[in-house]
Structure formats: structure tokens, C-alpha cells
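The values are calculated or read from the model by the stated rules, or taken from the named source; none is laboratory data. Keep in mind that what you see is a predicted model, and the values were worked out from it rather than measured. All Cβ positions, even for glycine, are placed from backbone atoms using ideal geometry, and neighbour counts span all protein chains on display. For the accessible areas, the whole protein counts, side chains as well, though only heavy atoms, and no ligand, DNA or RNA atoms are used. Shrake-Rupley method; radii C 1.70, N 1.55, O 1.52, S 1.80 Å.
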Amino acid sequence: LIPSVPDIQINSGLIFLFFLPPLLFEAAWNASWKALWRLRRMISVFAFLVVIVTSLVVAWVASSIIPGFGLALGFLLGGIVSPPDAVSASAIMRYVKMPKGVKTIIEGESLLNDASSLIVFRFALIAVETGRFVFHEAATSFFVVILAGIAVGLAIAYVFYLAIKYLPTDSNMDLVLILIAPFAMYIAAEEVQVSGVLAVVCGGLFLSARQQKMMSNSSRLRSQSVWSALGFVLNGLVFILIGLQLPVIVFGLGDVSLKQAIGYGLIISAVLAVSRILMALGASVFTTFISRFITTADKHPGWKGPLIFGWAGMRGVVSLAAALSIPVLLDNGEAFPQRDLILFITFIVILFTLLVHGLTMPLLIRLLHIKEPDGQIPSELEQQNIRKTIAQKSLEYLQQNFPEELSVYPQLQHMAERMENQVHFNNDELKDMSTGCRNVYFRLIDKQRKWLHDINQDIRVDEDLIKRNLLLLDLEEEKLKMA
């Protein structure tokens, strides 16, 4: 809307290579592997099966309402707009309070569904260009691309894990290696023509789960700060670039009027919203039924959580990048059919889902008065239980292993009192601590990390709280080193 702003055209390769790997890695780095595994069935269904079904629904609707749109073009459009975006979901949900289970499914689904949608897009593009589609070849390639992408990501991640853990690196070098890792995973996977998205996601989850083993507390603190800032900056740049595409996309509509194109975009947006809500509610009914025969994470999901999940279908950078990667010309030299209209519909879907779904999400949650499932311990109480357990274990550890030091050093006695009252030392107290006390405190912090990992083995414990307490221990150790 600002006059004299020059037209900016995004290279889709730039989005896929420069923005996508670090943003996916940052989302995977902060995800809870335990929570993802607990809800793996629901996440897998929505990340793979629902994406394919949604693509088919969009293909049928688009071919029915848009003149000159065949099923192949409709399937191509469906592959572009069907996946909710990990970047958009993370950006919105940071400011929305919702049940942990629903949030985990949304984050997990959006991390994995980009891979399935890009595979659908790849085969639909081949069908449009060649005019043929062989189902059994596509199905076989689908599973090969997924499994090989996971394998490549884990293999590259393991190399970085060994390098960070065993090479004589400092915190700066560790940070550089962690920043390089997502690009190495993505490029390696794409070079062998498998899913770079799944490679980055699985590699990021692998390294995140092992960061306590491979990195020092200084490296973890630095990487946490850098990824937080980098994720914020890249998110902002991505959505600015999406907005700046509008004049270029509108100019390329050609014979289709702006009013018609907006109408098509809104119809496709409504189809996506309705189909997602129906499938989410259907999944809830199926979960209630199948829980009679197998163990499920939630036996009675109800309708409120699935409704929120169905509404949380924000699209973003992956959809735009996929649309922009459609070639201008076919192999025979002819213009790619309906390319500009597909771009515009994609833009409308992104704009509609971000503004309408994203901005109304807090209101919907408040109206539904949704609560955590029965048996779910509130976060505040769970945090108190964790701190109480760690404090009790710390007192026992000091009394059993350092009885002489407790009698000699008044500071250690004071430390025991602090542990009992769950109060941390301030900087002045740490500065005045003697070398003997510091050594005991360092060993105690290592023990506390081990106890937190032991507590985390309980499937019912919120891993985000464990990570928060581990971060506090890293900060405490860093203060002790700097004092």
C-alpha cells in the first residue's frame, strides 16, 4: 500500500534454501520429542493422510469451479495449499494459550506435513507436464522419499553430534556447527532427491534431544539466545516478503479479473477450513471408538479441542515457495497453464488463514472455555512438584556425600537452607563463595541435571517444564563461572 515501493520478486530456491532449513530446525529444536511420540498416531494421520485427502478435495472443487482447471492442476494447487505451515503455527501459538495436547499436535503436524505436501506437489507437477500419472510409481516413490529423507537427516545429525561432543570446540564453534547443521541436512537430502524438510526436522529433533550430552552449559545458553533471535528475524522477513509479492502476483493475473480471482481464493480457503474441521472432528470420533481396543493418548477428545485444532490451519512460507517454484514454461516451450492464478489463490489462502484463523484463535479458545484433560496436572503445580523433588534430592546428596564440608563451610550450610526453601543464590553470594563450595555446587548442579532427566522419563511430566528447569541450571552454572 506504500507508494513507490519497488516490486520484489522472490526466488523460490532462496526461500527453500535460505529460510526453510533454519526455521524448521528452530521449531524442531524447541519441540518436545516425548510429546510428539505420545501423540504420534494423530500427528502422522494429519501430517500425511489428511494432506493427501485435502489435496484431492481441493482438486475436485478447483476443477469444478475454475474454467480450464483440470484435475491435475487442481491436485497441484491442493499440494501447495493443503499443509498448515510450521513457521506460521509457531508464530501464532507463541501468543495463544491452548491445551498442551492440541498445541503439540498442531506443531508436530506442521513440522512433518510440509514433506508430504511437497511430494504431492512434485508428482502433480510431473502429471501436468507429461500428462500421465502412474499411481503405484508415485506411491512407492512417496515412501522412499520419506524414509530416505529421515535417514539422511539422522545420519548428518549424528555426524554433527560426534563433532560437537568430541572435538575440542568452544561455545562459539559449537554455535557455528549448530547453525550449519540444518543447511547441511537439507542440501544433502535434496541432492539425493529425497525430503529435505523431513531431514531437517528429524535431524533437529535428534540433536535437540541430545543437547545436554554434547554441549556445555555456555554453548546451550548461547544457542538458545541465537536461535530465538534468528527465528524472530527470519519469521518477520518471510512474512514481509509474502506481503511484497501481492503487486507482482496481481499484475500477472492476465485475463482473469481481480474479483473472480479473489472469489476463487476465498472458496478454496473455505473448502480448506471446512474439510480440516470435519476431518478433525471425525478423528475425534474415531479415537473414541478405537480407544476401546488400543491405548490412546486421550480416550475422549470431545469436540472443543478438535474444533480448535481444525481452525488452526494457518498457511505460510512453504505454500508460497512451492507456488513460486512452478516453472513459467512447460518442457515443450508453452506457458505453464494457470500459473499466475495458482499463485494468486495461494496468496489469498495464506492471507485468509493468517488473518482470519490466526487473529480469531484467542477469541475461539475463550468462547469454548477449553480445559486440560482430566488427570492433567496444572503446569504451576507440576513445576512446584519438580522443584520440591530436586530440592529434597539435593539436600540428601549434600548430607550423604559432603558431611564434613557442611560442618566446615558456613556457605554450604547456607546452600542447604536455600535448597530447602527453593531459593537461588544472587550474584553477590556467588561471588563470595569459596573454591571448595564452588566445586561442591558444580557437582550438585550436574546431579540435578541427572535427576531432571530421570523425572522426564515419566510420560506424564511436561517436557517443557523440564527444559525450563534445565535452562535455570545452565544459568546458575554460568553465573557461578562468571562470579
- For the range 45-56, what does the Karplus curve 6.51 cos²θ - 1.76 cosθ + 1.60, with θ = phi - 60°, yield as ³J(HN,Hα) per residue in whole Hz, taken in order and with x for Gly and Pro? 4, 6, 6, 10, 5, 5, 4, 5, 4, 4, 4, 5
- Subtracting the Cα-Cα distance from 0.36 nm times the residue separation, let me have the gained length for V53 to V192 in nm, one decimal. 47.3 nm
- Message: Quick check of the Kirkwood formula: for the chain, what is the inverse mean of 1/r over all pairs of different Cα atoms, in Å?
- Response: 24.6
- Sorting F143, F239 by accessible area (1.4 Å probe), largest first, what list results? F143, F239
- Task: Note the angle between two axes, namely the Cα long axis of helix 217-244 and the longest principal axis of the Cα atoms of the chain, as a number of degrees from 0 to 90, rounded to the nearest 10.
- Result: 20
- Message: Expected output is a single nm value to one decimal: the length gained when fully extending between I290 and Q392, i.e. 0.36 nm times separation in residues minus the C-alpha distance. What is it?
- Response: 32.5 nm
- For the chain: relative contact order, % (alpha-carbon pairs under 8 angstrom, 6 or more apart): 20
- Task: For Y158, tell me the accessible area in Å² from a 1.4 Å probe, rounded to the nearest 10.
- Result: 110
- Query: For the Cα atoms of the chain, what angle does the longest principal axis make with the long axis of helix 379-401, in degrees from 0 to 90, nearest 10?
  - Reply: 40
- Between beta-carbons, use under 13 Å as the cut-off and find the net charge around L246, counting Lys and Arg +1, Asp and Glu -1. -2
- Hey, rough spin-label estimate for K479 and F442, points 7 angstrom out along Cα→Cβ, what's it come to in nanometres? 1.9
- Using the structure shown, select from K450/K481; K103/K393; K393/K467; K100/K481; K34/K213; K97/K165 the pairs with a Cα to Cα distance greater than 26 angstrom. K103/K393; K100/K481; K97/K165
- Can you sort S171, S223 by 1.4 Å-probe accessible area, starting with the largest? S171, S223
- Item | Extension gain, R40 back to E129 (0.36 nm per residue minus Cα-Cα distance, nm) | 28.5 nm
- K447 accessible area, nearest 10 Å², 1.4 Å probe? 70
- Taking θ as phi - 60°, what are the ³J(HN,Hα) couplings along the range 30-39 by the Karplus curve (6.51, -1.76, 1.60), each to the nearest whole Hz, with x for Gly and Pro? 9, 7, 9, 4, 4, 5, 4, 5, 5, 10
- When only the heavy atoms of the protein chains count and the probe is 1.4 Å, how do V274, V61, V45 rank by accessible area, highest first? V274, V45, V61
- Message: So, R0 is 41 Å and r is the distance between the beta-carbons of S64 and F143; what FRET efficiency does that work out to, to 0.05?
- Response: 0.85
